[in-house]
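K.L.:
Before I ask anything, here is the structure I am working with.
Read the figures in this text as sums done on the coordinates, not as results from a lab. Note that the structure is a prediction, hence the values are computed from the model and not measured. Here the Cβ positions follow ideal geometry from the backbone for every residue, glycine too, while neighbour counts run over all protein chains shown.
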Amino acid sequence: MNTTSQRVLITGGAGFIGSHVVRRFVVNYPNYYIYNLDALTYAGNLENLKDIENQSNYTFIKGDITDASFIDFIFKKYNFDGVIHLAAESHVDRSITDPLAFVKTNVIGTMNLLNAAKELWKDDFTGKRFYHISTDEVYGSLGETGLFKEDTAYDPNSPYSASKASSDHFVRAYGETYGLPYVITNCSNNYGPNHFPEKLIPLFINNIIQNKPLPVYGDGKQTRDWLFVIDHALAIDLVFHKGKNHETYNIGGFNEWKNIDLVKLLCKLMDQKLNRKEGESEKLITYVKDRPGHDLRYAIDANKIKKELGWEPSVTFEDGLVNTIEWYLNNKSWLNNVTSGSYKDYYKKQYHLN
Ligand code: NAD
Ligand code: TYD
């Protein structure tokens, strides 16, 4: 890839992972022009990027990837050399109540970007790259053993993972059919600062702060592989610059946790930070009805990216969790802003709890 000067479109850059990627690129590549395209849905928040918003190599574009003519217009206007595509509807529970929204953004939105990139670059693909950010959830659910590898068959179970799987297939198909230079990464569960408090870790941090119940789905024995978001952003940087075209890389934390064990660790760390008696936060754990189609276990074999690109997680889980907890405790106004308004309605509908 060209590392001299290029115009890079990052979609979904006001969201959780996207904001860390935008920051990394704006700061580390002052010779690049970074365009952050985001519709600012409930999950998008420009507060995440306050520290870099005035950098001369950064431009924010408010817009929706489902709007094909707008997407064509900005590709022509800005003449992007590369795309890092993160914009998506990203929450499994919301995909169960409104699957079509996931088809629109994750499938149609990705198609619009693919079409615009193909059209702009078709005469010469040299130095161009379409980088699609995906999830390990496309591989479905593992039993007690085994790991997802890059050639594991897709077997998505939720409307979210089905929509991401579909978009991955379209990206690959544009590579095979039209020669579009693409890379895809499938990453495990991220955690860290700026994570919207609908996902397990930030939701539970917020509830512990407020002494509210911690709604554990089912028996809490489902397993996820957790990665600190800064390490994901580092992997994205490496793959964007050094990954091979038409390849997929799995990214994971080598860090599997059963939900209930993770929740207990979080409670222990929160008790320490909040000067509560040990065991105090654990009393908030409340087992609730299981998520329909709840995948039992995700676990990534991240040896390909480790061997080929020299990437591995740099942050231990406990350090990452402490850093995350401290961020939420130090950024209460961020938390208050995102949990006011429509969040309250979502919370009531999802949990039947106040
Ligand atoms: P997020 O929900 O925090 O952010 C999504 C961003 O996309 C928001 O800023 C939102 O405003 C924007 N967006 C949504 N619909 C849009 C549209 N139609 N047009 C333009 N912008 C739109 O998501 P995240 O957790 O940061 O995930 C980012 C990407 O990484 C997603 O593609 C997701 O599938 C993938 N991913 C996430 C995880 C995870 O653990 N969070 C793990 C692996 C892969
Ligand atoms: P989540 O953060 O939604 O990520 P994903 O479903 O994409 O893995 O959930 C992580 C795990 O935590 C998952 O097994 C579902 C579980 N979970 C709960 O037990 N309670 C909750 O309130 C939430 C949001 C998730």
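K.L.:
Please work out which one of (1) away from ligand 1 (no atom under 12 Å from the Cβ); (2) of a type outside the set (Gly, Ala, Ser); (3) crowded, with 23+ Cβ neighbours inside 10 Å; (4) part of a helix (DSSP H, G or I) is the condition Lys164 fails and give its number.
P.N.:
It fails just one condition, (1).
K.L.:
Quick check on my filter: what residues within the range 118-134 are loosely packed, with under 13 Cβ neighbours inside 10 Å and under 19 Å from Ala87 (Cα atoms)?
P.N.:
none
K.L.:
While we're here: Could you pull out every one of the strands (runs of 3 or more DSSP E) wholly within the range 218-336 that has 3 or more residues that are in contact (Cβ under 8 Å) with a residue 60 or more places away in the chain and closer than 29 Å to Gly179 by Cβ?
P.N.:
Qualifying strands (runs of 3 or more DSSP E): 247-251.
K.L.:
Within the set of pairs 6 or more residues apart or between chains, which connect a residue that is near ligand 1 (Cβ under 10 Å from one of its atoms) inside the range 190-216 to a residue that is in a loop (DSSP other than H, G, I, E, B) and of a type in the set (Gly, Ala, Ser) with Cβ atoms less than 7 Å apart?
P.N.:
Going by the 7 Å Cβ cut-off, the qualifying pairs are Phe196/Ala43.
K.L.:
Taking the conditions exactly as written (within 15 Å of ligand 1 (Cβ to nearest atom) and either of a type in the set (S, T, N, Q) or not in a loop (DSSP other than H, G, I, E, B) (or both)), does Ala116 satisfy them or not?
P.N.:
Here the answer is yes, as Ala116 does meet what is asked.
K.L.:
When only residues in the range 324-333 that are within 12 Å of His195 (Cβ to Cβ) and surrounded by fewer than 18 Cβ atoms within 10 Å (Cβ to Cβ) count, which is farthest from the chain's Cα centre (by Cα)? It would help to see each step written out before you state the result.
P.N.:
First, pick out the residues of the range 324-333 that are within 12 Å of His195 (Cβ to Cβ): 324-325, 327-328, 331.
Add one more test, that the residue is surrounded by fewer than 18 Cβ atoms within 10 Å (Cβ to Cβ), and what stays is 327, 331.
Details: Trp327: 18, Asn331: 20 Å.
So, considering only residues that are within 12 Å of His195 (Cβ to Cβ) and surrounded by fewer than 18 Cβ atoms within 10 Å (Cβ to Cβ), the one farthest from the chain's Cα centre (by Cα) is Asn331.
K.L.:
Taking Phe125 and the conditions (1) aromatic (Phe, Trp, Tyr); (2) over 19 Å from the mean Cα position of the chain (by Cα); (3) within 30 Å of His294 (Cβ to Cβ), which numbered condition does it fall short on, given that it satisfies the others?
P.N.:
(3)
K.L.:
Oh, and also: Whether any residue in the range 280-296 is crowded, with 19+ Cβ neighbours inside 10 Å and within 19 Å of the chain's Cα centre (by Cα) is what I want to check.
P.N.:
Among the residues of the range 280-296, at least one is crowded, with 19+ Cβ neighbours inside 10 Å and within 19 Å of the chain's Cα centre (by Cα), which makes the answer yes.
K.L.:
Residues being assigned to a loop (DSSP other than H, G, I, E, B), in contact with a helix residue (DSSP H, G or I) (Cβ under 8 Å, 6 or more places away or on another chain) and without any contact (Cβ under 8 Å) to a residue 60 or more places away in the chain: count how many of those fall in the range 45-77.
P.N.:
Here the count works out to 8.
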